[in-house]
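Q: Take this structure, written in structure tokens, and hold onto it; I'll ask about it next.
The values are calculated or read from the model by the stated rules, or taken from the named source; none is laboratory data. Please read these numbers as outputs of a predicted model, since none were measured by experiment. Cβ coordinates were reconstructed from backbone atoms using ideal geometry, including for glycine residues, and neighbour counts include every protein chain displayed. Side chains are part of the model used for accessible areas, which takes the heavy atoms of the whole protein and leaves out ligands, DNA and RNA. Shrake-Rupley method; radii C 1.70, N 1.55, O 1.52, S 1.80 Å.
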Amino acid sequence: MKDPAGRPESRRAANARKRISRRPSRLGLPAGSTAKPDRVREADAGFSGLLKRVWRRAAEAGDLRASLQVLLTLDGHVPAGIQLRALNSVEQAALTALCGLSWRDADDTADTTAGGAAATRTAAAAKAAPDGGEPPVFLGEIGLTAGGRIAVRTPGARPLDPRDLVGGVRRVPWSRAALAAYQDELGRAHKRGADRAADCRAWLAAQGAAGRDALLVQAREAALRTAPFVLYQEDTQYTNFRGRNTLTGKTLWPGHPDCALSALIGLPLQLWSDQDTQLLVCLTLLIRSAGFGRIEEANGTQLTVDHVADTLERVRRLYNAVPGAEPVPAAASHRVADLDRLAGALRERRRSVGAHAQLYREIHGALMHKVERVAAAPGAAARARQDAVTERLRAGLPLAGRTLTELGESLAAAPGWLAEPHGAFGTGLESLVYESVAAAADAFGADFAMSRGIRSLPDLVRALRGESWAEICDWDITRFFCCVVPRPQAAVHFGGSTAALADAAWAMSSRMQYNSWHFVAGNLPRVPEVTARDHFVPPVIPDIAFFSDQHHHGHVNNNVRFSIRSPHAVEVDGRRFEGFMDLRLLRCAGDPFDEQDLLAAHQVSAFIAHATSLAARLVAAGMALEVTAFDSGWHWKAVTGRGPAAAASPGGQVPKAS
């Protein structure tokens, strides 16, 4: 940054500037100068509060199966199958013996024998329940851990540790029949586990020492470049998330001795644990099928060969339902070699699926679990959303057309105005971004809508032409922008205060600036300066999220409950930047967004990305185009309708619940 005379800013001046608050309601005041926080988050906001409510509901349930249904779904916040896959082999055997519950029955792609098997298990469990005249031979327990998993005390095990639990325990009586069923289930599980572990070890042995090390480096890179995940192998946890990390991520640098993957590099295979062998094999299969992002489809679950095989089979059926290519055959078995071939075939098939249908991910925020889906064709609901946005844009921009596609064609025919002042903005690009975001907020009934990008396309073009990769990596988040438009009705979620609403909008804008910073390096050549810079793999498909106000502090604080994210690539001077921009919609309460909403939002996002690419072409041809809007002061005025923020504390703010 430079001073008003054009001289480089001194370190002292830069530090002084950083000490000035950029929060809209306190703009220009020294940061940290208030006596107390404006808003105090409730002690049990977010995930901890959810788990307490879940346990209370489960404890009130009439019988064991009803109580388990509350626990498995976290009272309707996640699909039951995620929690069933989180059980270790002993806990799974216990629930099958007691209630006939199995993760295989929760999957929506279970084979034709699953229904019969489930019925058989349920009938057996009914017989296993103690009758009125038979005293239980064992009194077990079921609880809920602070991590959101079900805990089960099984025969021969010690009582559950109350320090690990959210509430108390539910006592579970076991009959002799239940014990017999449990022993049978456990015997089969142990044999299956031993067979899988031996197969994984043999497959890794065939890779050779150099091949295993290459797979470890790939898995470690995946842990570093993807969003947080928590995986289990029986009672061993592998995570790059908060707390005691065991994998490379935000806490452990690549090569850190505490990283489970780094610790295996160069180590003889004979010294690996069965848990570590299966961890590497399963991560390899997931990555091979769709890249690093597939790992998040195992988030919160046991990372076993059978679970991975089930995931790959679900994906295979999903892809095969899309016309346009030869169907992928099922794996011949659950042996690693067969699953490896299936994973490779799915990766190839995925390319053609994306050309004929819209892939997206469902995100279940409470457990950070993602599921890849193939969207149906856009229907009347999606078209109505798009038409509403089109009508608004046609009225506010110098474009003609009855659809977003036609508006894009109109823009491509005469894009020059994107670099010229338009309305209240210094450039047409700024005006187009704002009008698109504001139109989407209204058309989709969102509490907030937003879109992000880079402020100086000329600087980016210059740096690309000079191959100045280190310079691009050194840019901070102020080099990026995000236009956040809340609807006035959203103030109800912030104590009715427009000042608090403006602060929330700016908090979101700042976070989205960070996201742009975080993704941009993932599009650059893998030179040392780039690989050393913290970044994630840029997103390429949209997602729809449910109950995201659980873990991420910003989401908890600002009521980010239901959302849509639609990322798109932008071409700048011949280089394709994946995830360069996105459109995000969120609701703080009420109904979640659905698939038709996502399909319509993706078209609006594509329109903004198309305009950004056209602006980049203008810049590459020599035109000047800078984005100066969408800073803290802009958000204050746009949200409150008033001039520069005063020093007074924003009134009406109240502690918020999750």
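Q: Rounded to the nearest 500 deg cm²/dmol, what is the calculated helix-only ellipticity per residue at 222 nm for the chain, with -39500 (n - 2.57) per DSSP H run of length n ≥ 4?
A: Working: 21 runs with 298 residues, N = 658.
Taken over the chain, the calculation gives -14500 deg cm²/dmol.
Q: If I model a spin label as a point 7 Å beyond the Cα along the Cα-Cβ vector, how far apart are those points for residue 29 and residue 61 in nm?
A: 4.8
Q: Using Cα positions and a limit of under 15 Å, work out the aspartates and glutamates in reach of residue 191, with same-chain residues fewer than 8 apart set aside.
A: 199, 234, 274, 306
Q: Kindly state, to the nearest 0.05, the FRET efficiency for residue 487 paired with residue 192, given R0 = 41 Å and r defined as their beta-carbon distance. Don't jump to the answer; show the numbers that get you there.
A: Values: r = 53 Å, r/R0 = 1.29.
About 0.20, to the nearest 0.05.
Q: Explain nothing, just compute: Karplus ³J(HN,Hα) = 6.51 cos²θ - 1.76 cosθ + 1.60, θ = phi - 60°, for every residue of region 252-264 in order, whole Hz, x for Gly and Pro.
A: 9, 6, x, x, 4, x, 7, 6, 4, 6, 4, 5, 8
Q: Which net charge results for the neighbourhood of residue 487, defined as the other residues with beta-carbon distances under 11 angstrom from its beta-carbon, given Lys and Arg at +1 and Asp and Glu at -1? Don't skip to the answer; put the middle values down first.
A: Details: positive: 587; negative: 442, 447.
Summing Lys and Arg as +1 and Asp and Glu as -1 gives -1.
Q: Using a 1.4 angstrom probe and counting only protein chains, how large is the accessible area of residue 479 in Å², to 10?
A: Residue 479 exposes around 80 Å² with every protein chain in place.
Q: How high is the FRET efficiency between residue 214 and residue 163 when r is their beta carbon distance and R₀ equals 60 Å, given to the nearest 0.05?
A: FRET efficiency, residue 214 to residue 163: 0.90.
Q: Which angle from 0 to 90°, rounded to the nearest 10, does the C-alpha axis of helix 89-99 make with the longest principal axis of the chain?
A: Helix 89-99 sits at roughly 70 degrees to that axis.
Q: Calculate, for region 369-525, the solvent-accessible area per residue in square angstrom, rolling a 1.4 angstrom probe over the heavy atoms of the protein chains. Show your work: numbers first, answer last.
A: Values: 5620 Å² over 157 residues.
The answer is 36 Å² per residue.
Q: Protein chains only, probe 1.4 Å: how do 591, 340 rank by accessible area, largest first? Don't skip to the answer; put the middle values down first.
A: Details: 591 115, 340 30 Å².
Result of the area sort, largest leading: 591, 340.
Q: If you don't mind, another one. With a 1.4 Å probe and all protein chains kept in place, how much accessible area does residue 191 have, in Å² rounded to the nearest 10?
A: 130
Q: Largest first, how would 313, 234 line up by accessible area (1.4 Å probe)?
A: Working: 313 35, 234 65 Å².
Largest accessible area first, the list is 234, 313.
Q: Ordered by residue, what ³J(HN,Hα) values in Hz, to whole numbers, does region 233-245 give under the Karplus form 6.51 cos²θ - 1.76 cosθ + 1.60, where θ = phi - 60° and Gly and Pro are x?
A: Whole-Hz 3J(HN,Hα) from phi for region 233-245: 10, 6, 9, 8, 9, 10, 8, 10, 9, 4, x, 7, 5.
Q: Here's another thing I want to ask about it. Compute the acute angle (0 to 90°) between the alpha-carbon long axis of helix 336-356 and the principal axis of greatest extent of the alpha-carbon atoms of the chain; round to the nearest 10°.
A: Computed tilt is about 30 degrees.
Q: Here's a follow-up. May I ask for the angle, rounded to the nearest 10°, between helix 404-413 and the longest principal axis of the chain, with both axes built from Cα atoms and the value confined to 0 to 90°?
A: Once rounded, one gets 40 degrees.
Q: List the trypsin sites (Lys or Arg not before Pro) within region 485-562 that fall in a DSSP loop (any state other than H, G, I, E or B) and whose Cβ has at most 15 other Cβ atoms within 10 Å. Before the final figure, lay out the partial values.
A: Numbers: sites: 511, 526, 533, 561; in loops: 526, 533, 561.
Passing sites in region 485-562 are 526.
Q: Please state the relative contact order of region 240-283 as a whole percent: Cα pairs under 8 Å, 6+ residues apart?
A: After rounding, I find 22 percent.
Q: Ignoring ligands, DNA and RNA, how do 610, 535 rank by accessible area with a 1.4 Å probe, largest first?
A: Working: 610 70, 535 10 Å².
Of 610, 535, the descending order of accessible area is 610, 535.
Q: So how much accessible area does residue 82 have, in Å² to the nearest 10, using a 1.4 Å probe?
A: 10
Q: Treat the chain as a sphere of radius equal to its Kirkwood radius over Cα pairs and apply Stokes-Einstein at 4 °C in a medium of 1.567 mPa s; give the translational diffusion coefficient in µm²/s, rounded to a whole number. The partial results should precede the final answer.
A: Details: Rh = 27.1 Å.
So the translational diffusion coefficient is about 48 µm²/s.
Q: Let me ask another. What nm distance separates the two modelled labels at residue 348 and residue 405, each placed 7 Å from Cα along Cα→Cβ?
A: Using points 7 Å along Cα→Cβ, the separation is 3.1 nm.
Q: In the chain, carbon and sulfur make up what percent of the accessible area (probe 1.4 Å)?
A: Details: 15060 of 28060 Å².
Accessible surface attributable to carbon and sulfur in the chain totals 54 percent.
Q: Taking only C-alpha pairs under 8 Å that are 6+ residues apart, what is the relative contact order of region 190-339 in percent? Walk me through the intermediate numbers first.
A: Working: 185 pairs, mean separation 36.3, N = 150.
Relative contact order comes out at 24 percent.
Q: Using only alpha carbon pairs under 8 Å that are at least six residues apart, calculate the relative contact order of the chain and give it in whole percent. Could the numbers behind the result be given before it?
A: Values: 1187 pairs, mean separation 93.7, N = 658.
It comes to 14 percent, rounded to a whole number.
Q: How far apart, in nm, are the 7 Å Cα→Cβ label points at residue 179 and residue 145?
A: Between residue 179 and residue 145, the simple spin-label model gives 2.7 nm.
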